[in-house]
Amino acid sequence: MPEIATQTSTPLTSLTEDEVLFRDNVRQFADEKVRPLAREMDEKGVFDKALITQFFELGLMGIEVPEQYGGAGGKFFEAILAVEELSRADASAGVVVDVQNTLVNNALLRWATPEQKKRYLPRMTADTVGAYALSEAGSGSDAFALQTRAELKGADYVLNGRKLWITNAKEAGIFVLFATADPTAGYRGITAFVIEKNFPGFTVGKKEDKLGIRASSTCELILEDCRVPKENVLGEVGKGYKIAIETLNEGRIGIGAQMVGVARGAWEYAAKYSQERKQFGKAIAEYQGIQFQIAQMATEIEAARLMVYNAARMKDAGMPFVREAAMAKLFSSQVAERVTSLAIEIYGGYGFTKDYPVEKYWRDAKIGKIYEGTSNMQLATIAKMLLGK
Ligand SMILES: Cc1cc2nc3c(=O)[nH]c(=O)nc-3n(C[C@H](O)[C@H](O)[C@H](O)COP(=O)(O)OP(=O)(O)OC[C@H]3O[C@@H](n4cnc5c(N)ncnc54)[C@H](O)[C@@H]3O)c2cc1C
């Protein structure tokens, strides 16, 4: 099989035998189980519960978690493959798995104490969805301007405040949540906590009605004298900013993979349709104008994918990857928006209707330029690393 890497110096898109097997399994699952539900989930704005159970059964909710905690003991790259393949069928499915692996499990694996790992990781791999709560109404790009307060009272921290835009919140049992334990210390007061859904004073609030990734829940979180045991501080008090920066650096590669999957999904529909749709007596794919569009789209997808795979491989190799991750997220979200838009045009008027699948891909693509740092924030990171400013 040409895709199996046999030498140390191999093309970026070469996969090991295990990676090919894993990708093909996820692809088959996505085509057979996710794709048929995508339209209805989008219409209703609700994620199918049984699909989440299947994600757990397939090991997709604990890809990098060691086997001793019930995980698959895989690499970050496999999480990227899973997010890409799921997003090719449905971007909401992609983000459920993405947040679980690249943000929540990632933060727990890197920062949790041995006791916290023993308590939470077996749940994360068995049946508990995770959410990652940093943003607030007043702090998005300026994430460390957050207002949620954590005050130590006896053996507990008491948290007060509100979080906004929290992915997976409706389904989640565990939340990695950021609050400030010392507002006078600025970003050095920010602390990460592991919060369980049933902690007193914790409520999941309003669910947003969105343009795209409609099946993925995005909710407000309300903390009213929410009591969190001291031992649920993740990492050190005041080191939450470091946890947030470092997990989001990795998470961005996941969003890049989601966008590559979305672009591929739309491209495949457009390429097929162009060979079926006849105008002026022949398939529109016979016209060079359409051929060039299909070729341009495929070229951009290939470039985005190479960037995403390279950033993920760099992360797994223990190399610095922050610039590459920001570039991969920036570029793949641009490609996804362009490709999905062109896919609608290739479908003509039909593409503009909900009877055909491509308009959903276009709506789903839009979020790639917004969450886990807007495109301007990615450009700021890249510029800072290039210019040292
Ligand atoms: C569907 C969805 C899911 C999300 N999921 C999560 C989640 O799970 N957890 C979580 O914590 N957050 C989540 N978010 C929040 C998301 O990360 C923020 O929306 C994002 O960071 C942007 O913040 P904002 O919306 O406040 O926009 P703002 O920060 O207000 O930005 C508005 C505009 O100003 C620009 N801008 C801001 N500052 C600058 C600057 N210094 N220079 C140049 N331009 C600038 C931005 O690029 C943008 O174009 C989610 C959001 C959405 C929509």
All positions within the stretch 332-353 that are open to solvent by 20 Å² or more (accessible area, probe 1.4 Å), more than 16 Å from the ligand (Cβ to nearest atom) and in a helix (DSSP H, G or I): Arg338, Ser341, Leu342, Ile344, Glu345, Gly348, Gly349, Tyr350, Phe352
Tally, over the stretch 354-389, of residues that are open to solvent by 90 Å² or more (accessible area, probe 1.4 Å) and outside any loop (DSSP other than H, G, I, E, B): 6
Filter result for the condition that a residue is within 25 Å of Ala91 (Cα to Cα) and in a loop (DSSP other than H, G, I, E, B), over Ala131, Ala215: Ala215
Candidates Val129, Val228, Val176, filtered to the one that is more than 21 Å from Gly251 (Cβ to Cβ) and either within 13 Å of the ligand (Cβ to nearest atom) or modelled with pLDDT of 95 or more (or both): Val228
Selection from the stretch 216-242 of residues that are over 12 Å from Leu152 (Cβ atoms) and charged (D, E, K, R): Glu220, Glu224, Asp225, Glu231, Glu236, Lys239, Lys242
Hits in the stretch 190-217 (condition: open to solvent by 50 Å² or more (accessible area, probe 1.4 Å) and either away from the ligand (no atom under 14 Å from the Cβ) or touching a His at 6+ places or on another chain (Cβ under 9 Å) (or both)): Lys197, Asn198, Pro200, Thr203
Qualifying residue in the stretch 109-124 (condition: near the ligand (Cβ under 10 Å from one of its atoms), within 22 Å of the chain's Cα centre (by Cα) and surrounded by 21 or more Cβ atoms within 10 Å (Cβ to Cβ)): no
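Conditions tested, residue by residue: (1) out of contact with any strand residue (DSSP E or B) (no Cβ under 8 Å at 6 or more places or on another chain); (2) of a type in the set (Asp, Glu).
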| residue | (1), (2) |
| --- | --- |
| Thr13 | yes, no |
| Glu17 | no, yes |
| Ala38 | yes, no |
| Met41 | yes, no |
| Phe47 | yes, no |
| Leu58 | yes, no |
| Glu64 | yes, yes |
| Gly73 | yes, no |
Residue within the stretch 135-149 that is more than 10 Å from the ligand (Cβ to nearest atom) and in a strand (DSSP E or B) present: yes
Single residue of the stretch 150-166 satisfying the filter (within 12 Å of the ligand (Cβ to nearest atom) and among the aliphatic types (A, V, I, L, M)) that is surrounded by the most Cβ atoms within 10 Å (Cβ to Cβ): Ile166
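The values are calculated or read from the model by the stated rules, or taken from the named source; none is laboratory data. Here the structure is a predicted model, which means the values were calculated and not measured. Here the Cβ is made from the backbone with ideal geometry for all residues, glycine too, and neighbour counts use every protein chain on show. Just so you know, the surface numbers come from the protein's heavy atoms only, side chains and all, with ligands and any DNA or RNA stripped out. Shrake-Rupley method; radii C 1.70, N 1.55, O 1.52, S 1.80 Å.
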